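For reference, the structure is listed below as structure tokens.
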Amino acid sequence: MNGISIKKDRILFYGNTAGYVDGGKAVVDPIFHCEELKDYLTVKKGLTVQWTDGVYDRLANSKPDMDGNAPILKACRIHQLKPEVDVMMKFIGYDELLERFGEPNPENYRVVYDGQLETNDLDAIYEKFNLNHPPDYQGHSLSMSDIIELYDDSGSTFYYVDRFGFKEIDFQAPALKQSSTQDMSL
């Protein structure tokens with residue numbers, strides 16, 4: 001396994017940056033899926049493996065930061081209003097919600113997606129959940145009143161899907177396990 005190594009939390013597979021290590025998890029692009037890499041990561045390094053589309057492209061095309069590493073992706077959750085919530089709260093802009101109902105209440109929302117995406121760009125996430133839903137997505141197309149959460153071990157940031165763009169909000173969702181539903185430990 002001389003062609004496989006981990007340097008500065010980057011997984012190198014025969015000269016290619018195949019993924020990265022985040023805590024005890026290896027996030028790897030599935031184009032590199034093979035027994036040799038899987039065994040190296042799970043047996044030799046003791047990591048769980050999450051095969052995530054787009055990791056190679058993002059790492060290869062992103063500008064490195066000061067220490068030479070591309071930024072690590074945060075995980076993403078999509079929160080949508082529960083079916084039993086007042087229908088007048090659904091699909092409205094943030095200002096109208098504040099005026100009529102107050103701040104978004106986490107008790108009114110449910111998580112319809114929790115996983116790793118190939119981006120943390122809110123516009124790209126919006127497009128993905130409108131045009132190309134991930135297979136395990138349990139909600140309707142992303143719309144006003146939905147909330148996008150980007151999270152990692154350091155915490156969460158929440159964005160209300162507004163009429164035009166996104167509004168960063170304070171939103172303390174009920175405690176959820178900080179791991180991906182797309183985690184495929186092999």
For this session: Scan region 103-143 for residues that are without any contact (Cβ under 8 Å) to a residue 40 or more places away in the chain, touching a strand residue (DSSP E or B) at 6+ places or on another chain (Cβ under 6 Å) and in a strand (DSSP E or B) and jot them down.
Result: V112
For this session: Report yes if some residue within region 103-119 is at positive phi, modelled with pLDDT of 85 or more and surrounded by fewer than 17 Cβ atoms within 10 Å (Cβ to Cβ); otherwise report no.
Result: no
For this session: Among what's in region 15-27 and is open to solvent by 30 Å² or more (accessible area, probe 1.4 Å) and touching a helix residue (DSSP H, G or I) at 6+ places or on another chain (Cβ under 9 Å), pick the residue that is farthest from D53 (Cα to Cα).
Result: N16
Exercise. Restricting to region 40-59, what's the tally of residues that are open to solvent by 60 Å² or more (accessible area, probe 1.4 Å), at pLDDT below 90 and over 16 Å from D121 (Cβ atoms)?
Worked result: 1
Problem set entry | Scope region 28-38; condition among the charged types (D, E, K, R), open to solvent by 20 Å² or more (accessible area, probe 1.4 Å) and under 23 Å from the mean Cα position of the chain (by Cα); matching residues | K38
Exercise. Quick one: in region 84-102, which of the residues that are of a type outside the set (D, E), open to solvent by 90 Å² or more (accessible area, probe 1.4 Å) and without any contact (Cβ under 8 Å) to a residue 24 or more places away in the chain is farthest from M144 (Cα to Cα)?
Worked result: R100
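The values are calculated or read from the model by the stated rules, or taken from the named source; none is laboratory data. If you're wondering where the values come from, they're calculated on a predicted model, not measured in any experiment. Note that we place each Cβ from the backbone using ideal geometry, even for glycine, and neighbour counts take in every protein chain shown. Ligands, DNA and RNA are stripped out before the accessible areas are found, and what is left, the full protein with its side chains, is counted by its heavy atoms. Shrake-Rupley method; radii C 1.70, N 1.55, O 1.52, S 1.80 Å.
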